[in-house]
1. Of all helices (runs of 4 or more DSSP H) completely enclosed by segment 110-199, which ones contain at least 3 residues that are farther than 30 Å from ALA65 by Cβ?
2. Quick check on my filter: what residues within segment 215-237 are farther than 19 Å from ASP167 by Cα and either touching a Lys or Arg at 6+ places or on another chain (Cβ under 8 Å) or open to solvent by less than 10 Å² (accessible area, probe 1.4 Å) (or both)?
3. Run down ALA91, ALA143, ALA153 and say which single residue is open to solvent by 30 Å² or more (accessible area, probe 1.4 Å), among the aliphatic types (A, V, I, L, M) and touching a Phe, Trp or Tyr at 6+ places or on another chain (Cβ under 9 Å).
4. Any idea which of (1) over 21 Å from the mean Cα position of the chain (by Cα); (2) open to solvent by 30 Å² or more (accessible area, probe 1.4 Å); (3) not hydrophobic (A, V, I, L, M, F, W, C) is the one THR165 doesn't satisfy?
5. Which members of segment 278-298 meet the condition of being open to solvent by 50 Å² or more (accessible area, probe 1.4 Å) and over 16 Å from TYR208 (Cβ atoms)?
6. Can you confirm whether segment 247-266 contains a residue that is in contact with a strand residue (DSSP E or B) (Cβ under 8 Å, 6 or more places away or on another chain), charged (D, E, K, R) and either open to solvent by less than 30 Å² (accessible area, probe 1.4 Å) or part of a helix (DSSP H, G or I) (or both)?
7. Give the number of residues within segment 168-190 that are open to solvent by 30 Å² or more (accessible area, probe 1.4 Å) and touching a residue at least 12 places away in the same chain (Cβ under 8 Å).
8. Can you work out which of the residues in segment 191-214 that are over 22 Å from PRO287 (Cβ atoms) and of a type outside the set (D, E, K, R) is surrounded by the fewest Cβ atoms within 10 Å (Cβ to Cβ)?
Amino acid sequence: MSITSLLPGALGFGTAPLGNMFRAIPDEEAAATVEAAWDQGIRYFDTAPFYGAGLSEIRLGDVLAGHPRDDYVLSTKVGRVILDEVEDPAARDLGEKGGLFEHGRPNKMVNDYTADATLRSIEDSLKRLRTDRLDIVWVHDVAQDFYGDEWLAAYEQARTGAFRTLDRLRDEGVIKGWGLGVNRVEPLELTLDLDEPKPDAFLLAGRYTLLDHDRALQRLLPAAEAQGVDIVVGGPYSSGILAGGQHFEYQKAPAEIIAKVERIKALAERHGVGIKAAALQFSLAHPATVAAIPGATRPSRIAEDVAALGERVPAAFWTDLREEKLIAADAPIPTA
């Protein structure tokens, strides 16, 4: 139950922005960004049908089709089936993430975690991605931020449908690993308590970052480490606020978050540290985390991520973060 040997490195590329998240991105810019990731040596790419109603998968597949399939690792997600009929993207009910992909394709999206829908979702993703196989499949968004008080019903449908289907596909060698891809820790804690089926890893977005990590540290990460279930960190820049953007949790950042970021920035500047380096390296310092997959829509951002991963961050910076209570006292910090 591990994907460590499968992943080609600690830095991957999260392609949610390529689904026109927040803004309409020209096809040429999206393609150039994926090519920049490839040119910078990135070989793990993550996507999902949800990202622009298939747009991210299509754009990623168009570029990766020009590279040898054995040279990269690919993950996508199940839980939403994309239909041919259309709807108003801006009017979709996305729980706390309303309007997130209003610039994406207008194809109707249906939430469905049953076994049949899981197989259909995989088949459709293979076509959009122009490939014959997937390496990792995540069960997407079975959590409170999308389903509110009904999230446990969605989770139960996934447990009896998608979980068992993906477990079988892994055992048959069709995929190499599976897990959950969510923005909340509770579904992952629940899954770790199951006797079966057993996931290989989790993709946790936004919950193990400089700005938000206390809850994950309490139980999830220690339990995942004990069970050998790897954590891939999504959203290490907290939707962009830690990388010069204005969003936190996919919405405009509130005043208290902006103030906390300014405090972190001030410390980073004092120590000559880039805030992207601090954010990325912090997320990867826990022994349970094996990779981080920041997203980007501009080619130049990829080189920044690679540089941030390799930047030297002095130990005194982490000490100051702890002393000012900007990170938890028990949070693992990077070692030189």
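The values are calculated or read from the model by the stated rules, or taken from the named source; none is laboratory data. These numbers come from a predicted model, not from an experiment. Cβ coordinates were reconstructed from backbone atoms using ideal geometry, including for glycine residues, and neighbour counts include every protein chain displayed. Accessible surface is based on the protein model in full, side chains and every heavy atom, while ligands, DNA and RNA are left aside. Shrake-Rupley method; radii C 1.70, N 1.55, O 1.52, S 1.80 Å.
1. Fully inside segment 110-199 and qualifying: 144-147, 151-158, 186-192.
2. Our first condition is that a residue be farther than 19 Å from ASP167 by Cα; within segment 215-237, this holds for 215-223, 225-226, 233-237.
Those that are farther than 19 Å from ASP167 by Cα and either touching a Lys or Arg at 6+ places or on another chain (Cβ under 8 Å) or open to solvent by less than 10 Å² (accessible area, probe 1.4 Å) (or both): ARG215, ALA216, LEU220, LEU221, VAL233, GLY234, PRO236, TYR237.
3. Values: ALA91 fails: touching a Phe, Trp or Tyr at 6+ places or on another chain (Cβ under 9 Å); ALA143 fails: open to solvent by 30 Å² or more (accessible area, probe 1.4 Å).
The conditions single out ALA153.
4. Of everything listed in (1) over 21 Å from the mean Cα position of the chain (by Cα); (2) open to solvent by 30 Å² or more (accessible area, probe 1.4 Å); (3) not hydrophobic (A, V, I, L, M, F, W, C), THR165 misses just condition (2).
5. Step one: of segment 278-298, the residues open to solvent by 50 Å² or more (accessible area, probe 1.4 Å) are 287, 298.
Of everything in segment 278-298, just one residue is open to solvent by 50 Å² or more (accessible area, probe 1.4 Å) and over 16 Å from TYR208 (Cβ atoms), namely ARG298.
6. No: segment 247-266 contains no residue that is in contact with a strand residue (DSSP E or B) (Cβ under 8 Å, 6 or more places away or on another chain), charged (D, E, K, R) and either open to solvent by less than 30 Å² (accessible area, probe 1.4 Å) or part of a helix (DSSP H, G or I) (or both).
7. Residues that pass the stated criteria total 6.
8. Initially, segment 191-214 is screened for residues over 22 Å from PRO287 (Cβ atoms), giving 194-197.
If we keep only those that are of a type outside the set (D, E, K, R) as well, we get 194, 197.
Working: LEU194: 11, PRO197: 17.
The selected residue is LEU194.
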